[in-house]
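The numbers here are math on the coordinates, done by the rules we state, and not lab data. Predicted model, so just to flag it, every value in this text is computed and none were measured. Counting neighbours? That spans all protein chains shown, and the Cβs are built from the backbone with ideal geometry, glycine included.
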Amino acid sequence: RRTGVAQQMVTYLQQVAQLEGASALTVSADLQNEAAQQSYLAMGFKRRALTDAYFLKSF
């Protein structure tokens, strides 16, 4: 935990999505997983739903 692997994976997926023509990337986290939610926010994602922990990052 907390070794940066998740951030590296999200960065890689964002690069692939951009190469494929996507303009945004959506991720989700369990509502009880506060660490994941904070990580997504720190990576520039914005919370999109209050009932579930969905985050969106446009590029």
How long are the semi-axes of the equivalent ellipsoid of the chain, defined as square roots of 5 times the Cα gyration tensor eigenvalues? Whole Å, largest first. 19, 15, 8
Please identify the trypsin sites (Lys or Arg not before Pro) of segment 1-47 that satisfy two criteria: DSSP loop assignment and at most 14 other Cβ atoms within 10 Å. Which are they? Arg1, Arg2
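Roughly how many debye, to the nearest 20, is the charge dipole of segment 5-58 about its Cα centre, given +1 on each Lys and Arg Cβ, -1 on each Asp and Glu Cβ, and no other charges?
I would put it at about 180 debye.
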